[in-house]
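The next block holds one structure in the form of structure tokens; read it before the comments.
The values are calculated or read from the model by the stated rules, or taken from the named source; none is laboratory data. Quantities reported herein were computed from a predicted structural model and do not represent experimental measurements. Note that we place each Cβ from the backbone using ideal geometry, even for glycine, and neighbour counts take in every protein chain shown. These area figures cover heavy atoms from the full protein model, side chains too; ligands, DNA and RNA do not enter into them. Shrake-Rupley method; radii C 1.70, N 1.55, O 1.52, S 1.80 Å.
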Amino acid sequence: MTPMRFAFSAVSLAALTLALVPAAQAQGVIKIGEINSYKAQPAFLEPYKKGMELAVEEINAKGGVNGKKIELITRDDNANPGDAVRVAEELVSRDKIDVLTGTFLSNTGLAVADFAKQKKFFFLAGEPLTDKMTWQGGNRYTFRLRPGTYMQAAMLVPEAVKLKKKRWAIVYPNYEYGQSAVAAFKQLLKAAQPDVEFVAEQAPPLGKVDAGSVVQALADAKPDAIFNVLFGADLSKFVREGNTRGLFKDREVVSVLTGEPEYLDPLKDETPNGWIVTGYPWYGIQTPEHKAFFLAYHNKYQDYPRLGSVVGYTMIKSAAAGIAKAKSTDSEKLVAAFSGLQVDTPFGKISYRAEDHQSTMGAFVGRTRNENGKGVMVDYQYFDGAKFQPSAADIKKARAD
């Protein structure tokens, strides 16, 4: 063999060997694939994406995970479960991702969770709140970060009981998240206050609320209090019509998510006073963990974080912690690593329960206040999610696996 032919053969052999090595391994990166409804829900998901990018930057600046840098690949699901599954398949098959994350809407989250189950591929859901993500529809390969509808309802119900109101009206977006939140609130409030009555229920399609007719229907029922699950543009329209028609005058409102700056900020001078809400008062959290996160986020973006920022940041930090613990991106090893995994977050340390794969991330509960034409949360406190979860025995009954 001539020297030239030997050199050619060596190069060919090297090329062939490289082709047989998985792309992520060859490049020395860990690919995190992320699916979300960016075009449909920008108020939450633009800050969320910034939070993810900040986490990736911090992790890579410290050398990555297991000696490899993190690479984030994001895709839009058009707020459609079918598209979400198609994109998940592309990320796994074409982009050769190592870990699947994301989703915002509960229906898309459930679709991707089922995909993960069928493909036996690890999936960390950041945002979808339906209880089916981790309970009735929970599966071995799906974990969830944010506190779900049961947990948030469990945080709000004790405050609702203190109001001593008997006649309640309910308004919610008519899809999986809204239905799940209402079911949990009814169950928990009825258990705590057996004489409660639900006198009206309005369930407009997501993104298509006819606020005038909804507000009028609720007013006609003459409730003592209202439980609201609307968010985003639907919430803004509801608040505007409710203010105009006097729906909230001398009437208590308990509202999921409304204290999140994504939804509270747009209300501006229309912000109602005194609603009991879950949310994120970024301007008042003085813990060392949150201060460090706030400064890093503000320095990078010259903006304040929203709750989406915290969720995106914590989701990526969780994925990295799980990969580090597993010393692998193999789905089975990640499932084992995430069971009981502890993660440091801007809200303090959380863990992922082995029983239902739900994290113990909590939420802030307080009241809304209109301060000089800007909505803020006041009289708030952080509720540790671990204290608002069903027992392991109840979870075992609820989960199919």
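Which condition number in (1) open to solvent by 30 Å² or more (accessible area, probe 1.4 Å); (2) closer than 23 Å to residue 335 by Cβ; (3) not hydroxyl-bearing (Ser, Thr, Tyr) is the one that residue 113 fails?
The one condition residue 113 does not meet is (1).
For the range 269-376, give me every one of the strands (runs of 3 or more DSSP E) that falls completely inside it and has 1 or more residues that are open to solvent by 10 Å² or more (accessible area, probe 1.4 Å) and over 21 Å from residue 150 (Cβ atoms).
Result: 342-345, 348-351, 363-371.
With the requirement that a residue be surrounded by 18 or more Cβ atoms within 10 Å (Cβ to Cβ), touching a residue at least 40 places away in the same chain (Cβ under 8 Å) and in contact with a helix residue (DSSP H, G or I) (Cβ under 9 Å, 6 or more places away or on another chain), what does the range 75-98 give you?
Listed by number, the residues that qualify are 75, 77, 79, 84, 87, 88, 97, 98.
Would you call residue 101 within 13 Å of the chain's Cα centre (by Cα) and open to solvent by less than 40 Å² (accessible area, probe 1.4 Å)?
Judged against the criteria, residue 101 is a match.
Of all residues in the range 241-257 being open to solvent by 10 Å² or more (accessible area, probe 1.4 Å) and closer than 18 Å to residue 162 by Cβ, which is farthest from the chain's Cα centre (by Cα)?
250
Take the residues in the range 106-151 that are of a type outside the set (Val, Ile, Thr) and out of contact with any helix residue (DSSP H, G or I) (no Cβ under 7 Å at 6 or more places or on another chain), then tell me which one is nearest to residue 82 (Cα to Cα).
The selected residue is 114.
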